[in-house]
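Q: First the structure, then my questions, so here it is.
Here, each number is a calculation from the coordinates, and none is a lab measurement. Here the structure is a predicted model, which is why all the values come from computation and not from measurement. Note that each Cβ is placed from the backbone with ideal geometry, even for glycine, and that neighbours are counted across all protein chains shown.
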Amino acid sequence: MSKYRYVAVGVTLAAFAGGATGLAATAATAATAHPASAAVLKVASVKVAVGSTNKSYKVLVNAKGKPVYLLTGDSASHPKCKGNCLTYWPAVTTTSKKPTVGAGVKGKVGVWHHNGMKQVTLNGHPLYTFAQDSAGAALGEGLKSFHGTWELLNSSGSGMKKPSSSSGGGGGGGW
């Protein structure tokens with residue numbers, strides 16, 4: 001049986017996203033990071049909020065299907081997401097010494113031991129989920145907070161730049 005810690009988020013998204021405008025988060029419940037028993041990371045199709053549209057993209061998700069992010073400039077040697085940040089951006093954790101990944105996930109998976117948790121890393125980047133996301137839906141892409149920008153990850157573990165909400169961009173660009 002999974003244990004959840006429910007967090008009532010009664011602040012606007014702009015307040016913890018470092019000035020992002022136009023979005024407001026209502027009170028919500030969010031599960032904390034869940035130790036993975038199966039593949040800790042896998043590739044899945046996720047609807048990504050871009051402006052007023054939602055388009056599906058293949059990104060990394062955790063064992064529960066929630067999109068996985070990195071914080072630019074964050075690393076195990078220079079962590080930016082700690083304390084209050086972990087309330088909004090729960091760490092992807094594992095109970096395994098050597099976590100497994102799903103088909104199509106490329107890159108070096110590791111485990112960073114700190115603050116009593118085993119946080120999953122990919123290519124040296126600590127990994128997080130966003131409390132406002134749900135399985136299959138990403139709202140945190142491109143938010144600026146906690147001294148960096150939150151980016152979804154592609155199958156090789158690279159941060160993906162937020163796609164343009166305008167049409168006619170022509171070929172791919174990693175998305």
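Q: Around LYS106, which amide H atoms from residues at least 5 apart in sequence, or from another chain, sit under 5 Å from its own amide H, with H modelled in the peptide plane?
A: SER156, GLY157
Q: Between rounded, prolate and oblate, where does the range 32-152 land on the alpha carbon gyration tensor, with a ≥ b ≥ c its root eigenvalues, rounded for a/c under 1.5, else prolate if a/b exceeds b/c?
A: Numbers: a/c = 1.71, a/b = 1.17, b/c = 1.47.
It is oblate, given that a/c is not under 1.5 and a/b is not larger than b/c.
Q: Next question. Under the 0.36 nm per residue contour assumption, what length would be gained going from the current alpha-carbon distance of ASN123 and LYS58 to full extension?
A: This chain segment gains 21.5 nm when fully extended.
Q: What is the local net charge at SER134, summed over the other residues whose Cβ is closer than 12 Å to its Cβ (Lys, Arg +1; Asp, Glu -1)? Show your work: numbers first, answer last.
A: On the way: positive: LYS47, LYS64, LYS66; negative: ASP133.
Neighbour charge sum, excluding SER134 itself: +2.
Q: So how do HIS78, HIS113, HIS125, HIS147 line up by other beta-carbon neighbours within 10 Å, fewest first? Don't skip to the answer; put the middle values down first.
A: Numbers: HIS78 7, HIS113 10, HIS125 24, HIS147 13.
Fewest-to-most ranking of HIS78, HIS113, HIS125, HIS147: HIS78, HIS113, HIS147, HIS125.
Q: Extending each Cα 7 Å along its Cβ direction at SER45 and HIS147, get the distance between those two points in nm, one decimal.
A: Result for the modelled spin labels: 4.0 nm.
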